[in-house]
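Below is one structure, written out as structure tokens, with a few remarks after it.
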Amino acid sequence: MAKKSFKTNNIVIICEGTETEQPYFEYLANKVRDQFDDIKVIPSPEEKLATEEIRANQNRHMKKLASENNEKAKKAPLYVTLFETELDIDANYNMYKQAPARYVREAYLWMKNKGYSEAWAVYDLDDTDDPNHSVHKCAKNLMDNTPSLHMAFSSYSFEEWLLLHFERCMIEFRNSAYKKAEGKRHINDPEYDCNGRQCQHKKKCEAECIGDYLGRQGYVDAICKNKVYSKNDGKIYAQAIYENEKLRHRAYVNAAWSRSLKDASFFECNPYSDVDRLIMRLLDDNKEISWIKADVCFTLGVHSFIIKQEGGSLFLSHQGNESCILNQNQIFWCDNDYNKKDDAITGKNINYTENENDAKSLAISNDYNILCIKDGNQEFYFERQ
């Protein structure tokens with residue numbers, strides 16, 4: 001097991017998924033390792049069990065770690081989770097034994113017992129049998145009461161984060177990808193799910209799988225040069241977001257959009273992802289990205305504004321009695337990839353006087369519906385209805 005770390009700029013990332021998430025974050029960790037005193041992604045080779053005797057004695061404290069070949073799941077290497085040790089079983093095992101609470105608890109114990117200053121638990125809603133959300137609430141409570149303990153959560157699954165690299169999709173998916181489906185493909189046959197494969201899930205698909213949607217939309221081909229989504233391509237997706245700044249920024253903005261859809265706890269939302277926050281932390285992308293709604297006040301720098309939509313007209317109202325200026329590079333219309341368009345607004349600065357609640361009419365674009373307002377590392381997006 002890992003020795004205790006005494007360095008201050010260190011981070012540990014606990015991954016629920018061993019097929020996609022673990023290689024995804026392992027790739028990114030290797031790229032930024034020199035920026036941290038220590039960075040660790042769990043599970044890792046150090047956590048694999050070495051002997052059959054340990055396997056026998058610790059059977060209930062093991063988790064499968066998918067190998068690259070992964071011929072059969074039962075042959076996959078295993079590792080002992082830090083949280084599931086005899087030291088913690090008596091007091092906390094029953095409370096935290098169910099996913100996802102156990103991943104958050106494990107991240108917490110890497111901080112407490114191993115000296116890490118920051119910890120992240122990467123998990124999702126997928127396969128969580130928790131209709132009352134009690135386990136999610138348990139995990140949230142632990143994070144709320146532990147500074148520097150964070151989550152990178154996606155709903156329905158981690159594939160939602162991958163989808164957000166490409167589009168804002170309102171579909172409430174209920175499966176991540178087909179599981180070992182066999183037999184003849186039946187494309188577009190309503191009696192079959194998962195893009196023509198007979199559904200092998202415990203529950204019949206209520207909606208198509210995210211993985212198949214990624215494939216059919218051509219997004220898998222764009223990244224992996226393949227037609228069919230595979231959970232084993234996590235490293236390829238990580239490489240794409242690391243090397244492509246525009247793709248990364250689009251994912252950031254789309255993830256912020258997913259969090260703006262519903263005023264509810266994260267585990268009650270679908271679609272949803274805040275994986276972007278962990279990516280920003282690793283890549284030192286110091287951005288604050290939000291989507292705003294009409295008639296809701298937001299703060300840009302030291303000034304507060306409200307967007308008002310009246311019929312076909314749009315107004316940006318400055319709240320307060322201090323003058324300020326928004327220049328033409330701070331407010332503009334953009335396309336669905338968030339590229340600034342040259343016909344944005346008026347091409348002139350917007351000057352606010354000291355009059356309280358000074359409102360300025362914004363020129364409407366006939367071609368674009370997304371308004372961007374920026375200041376420093378802040379980015380606000382508004383979609384005109």
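Of all the strands (runs of 3 or more DSSP E) wholly in segment 308-385, which have at least 3 residues that are out of contact with any His (no Cβ under 9 Å at 6 or more places or on another chain)?
Numbers: elements: 313-319, 324-326, 331-334, 350-352, 358-362, 370-375, 378-383.
Here the list reads 313-319, 331-334, 370-375, 378-383.
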Exercise. Could you check, for segment 274-286, whether at least one of its residues is surrounded by 13 or more Cβ atoms within 10 Å (Cβ to Cβ), of a type in the set (V, I, T) and in the same structural domain as S258 (by TED's automatic domain parsing)?
Key: yes
Quiz item: Looking at segment 104-149, which of its residues are over 21 Å from P23 (Cα atoms) and either in contact with a Gly (Cβ under 8 Å, 6 or more places away or on another chain) or among the aliphatic types (A, V, I, L, M) (or both)?
Solution: L109, M111, V135, A139, L142, M143, L149
Exercise. Examine segment 119-126 for a residue that is on the phi < 0 side of the Ramachandran plot, part of a helix (DSSP H, G or I), touching a helix residue (DSSP H, G or I) at 6+ places or on another chain (Cβ under 8 Å) and surrounded by 19 or more Cβ atoms within 10 Å (Cβ to Cβ), and state whether such a residue exists.
Key: no
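One line per residue, one yes/no per condition, for (1) more than 30 Å from the chain's Cα centre (by Cα); (2) acidic (D, E); (3) within 26 Å of S258 (Cβ to Cβ); (4) modelled with pLDDT under 90:
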| site | (1), (2), (3), (4) |
| --- | --- |
| G312 | yes, no, no, yes |
| C334 | no, no, yes, no |
| S365 | yes, no, yes, yes |
| L371 | no, no, yes, no |
| N377 | no, no, yes, no |
Practice problem: Could you run through segment 94-114 and say how many residues are in a helix (DSSP H, G or I) and either within 20 Å of the chain's Cα centre (by Cα) or not assigned by TED's automatic domain parsing to the domain that holds D129 (or both)? | Solution: 8
Self-check item: Condition check for E167: among the charged types (D, E, K, R) and at pLDDT 85 or above
Solution: yes
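The values are calculated or read from the model by the stated rules, or taken from the named source; none is laboratory data. This one's a predicted model, so the numbers in the text were calculated from it and none came from an experiment. Neighbour counts run over all protein chains shown; Cβ positions are idealised from the backbone, glycine included.
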